[in-house]
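Just so you know, all these numbers are worked out from the coordinates, no wet-lab data involved. On a predicted model such as this, the values are computed, not experimentally measured, just so you know. For neighbour counting, all protein chains shown are included, and Cβ atoms are generated from backbone atoms with ideal geometry for every residue, glycine included.
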Amino acid sequence: MITIGKLAKQCHLNVETIRYYQRIGLMRVPESNSNYRYYSEQDIERLSFIQKAKDAGLQLSEIQELLQLQLSDREKVRSVIEQRLEKIDQRIHELKALKSRLSTWVDECKTTTDNCCPILKELKEA
C-alpha cells in the first residue's frame, strides 16, 4: 500500500493527474485510513493501462469505456479501436488538406512579384 505521492512518482505522473482521473471516474478514490489514502497494486496496474492507452492515442472517454469492458468483450473493444482509427483517418485527411493550403501560400509568397504579401492578403479576404 502506497500514498498518492509515491503512486505518482512510481507511475511518472503528477499527483494532480491522478486526482483528475479520480474526479472523472477513471480511478477510484480509496478510503481514508489515519488521514491517508493508500493505493494498491491494482491502482498501479490501472494507471499503467491508462498511460498505455493514452500513448496509443486513445481519448480519456475511450479509455474509460475500455476499462469497463471484460476480457471477453473482444467485439466491443475492437469497435472502440475501429472508431478511433476512423477519427485518426479523418484528422489525417484534414491535416493533408491544411498542409496543401499552407504549401500553396508559401509557393505563392516565393514567386509573387507583388509588394503585398499573398499570405496576409489571402487571410484578410473574407
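General remarks:
- Using θ = phi - 60° and Karplus 6.51 cos²θ - 1.76 cosθ + 1.60, couplings along the range 67-72 (whole Hz; Gly, Pro as x): 5, 7, 8, 8, 4, 8
- Calculated [222 nm] ellipticity per residue, helices only, for the chain: -22000 deg cm²/dmol; basis is -39500 (n - 2.57) per DSSP H run with n ≥ 4, divided by all residues, nearest 500.
- Relative contact order (%) - criterion: Cα under 8 Å, at least six apart; region: the chain: 16
- Counting other Cβ atoms within 10 Å as a rough exposure proxy, the listed residues Met1, Met27 run Met1, Met27 from fewest neighbours to most.
- Other-chain or far-sequence residues with amide H under 5 Å of Tyr39's (modelled H): Ile2, Thr3
- Farthest toward the positive end of the dipole of the range 1-68, out of Gln68, Ile44, Val15, is the Cα of Val15, where the dipole comes from beta carbon charges about the Cα centre.
- Lysine pair number, Cα distance threshold 29 Å (strictly under), the chain, separation 8 or more or different chains: 22
- Calculated from backbone phi, Karplus (6.51, -1.76, 1.60) coupling profile of the range 4-15 in Hz, x at Gly/Pro: 4, x, 5, 4, 4, 5, 5, 9, 6, 10, 8, 4
- Translational diffusion coefficient of the chain (Stokes-Einstein, Kirkwood radius from Cα pairs, 10 °C, 1.306 mPa s): 86 µm²/s.
- Axis angle, to the nearest 10 degrees, between helix 41-55 and the longest C-alpha principal axis of the chain: 10 degrees.
- The charge dipole of the chain, taken about its Cα centre with unit charges on the Cβ of Lys, Arg, Asp and Glu (plus for the first two, minus for the last two), comes to roughly 320 debye.
- Based on the convex hull around the alpha carbon atoms, the range 1-68 presents an average projected area of 4.4 nm².
- Full extension of the chain between Ala56 and Leu120 gives 19.3 nm of extra length, using 0.36 nm per residue less the Cα-Cα distance.
- Stretchable slack from Glu41 to Lys99, in nm (0.36 nm times residue separation minus alpha-carbon distance): 16.3 nm
- Distance from the range 1-18 to the range 65-126 (C-alpha centre basis), Å: 35
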